Amino acid sequence: MQLLETTYAAFKRVVGPYHPYTLACAVNLVQDLHATGQQEDADRLTDATMDRYAEALGPTHPEAISGRALSARSECSTDAPYT
């Protein structure tokens, strides 16, 4: 997961937090955080990422919509690791 965290930080720094590559990397990091039981960190990053998707692409863009599904799955899986 260290590599993914480093990659996410690099994307944010180089292309910005609203770039599609950065957002996609954030989604991958959220999934890893869930898988390793880091629910609070995953929830914070999910919220920030979904806000950025909506701001960058608009609330009706397919990626923003699928992001809301990720957020909903996150809320439903507070007792179990995300898979």
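Quick note: the coordinates plus some simple rules give every number you see, no bench work behind them. Small disclaimer: the values here were computed from a predicted structure and weren't measured.
Taking θ as phi - 60°, what are the ³J(HN,Hα) couplings along region 42-52 by the Karplus curve (6.51, -1.76, 1.60), each to the nearest whole Hz, with x for Gly and Pro?
5, 5, 4, 5, 4, 4, 5, 5, 5, 4, 5
Based on the inverse mean of 1/r over its pairs of different Cα atoms, what is the Kirkwood hydrodynamic radius of region 2-76, in Å?
Computed over Cα pairs of region 2-76, the Kirkwood hydrodynamic radius comes out at 12.2 Å.
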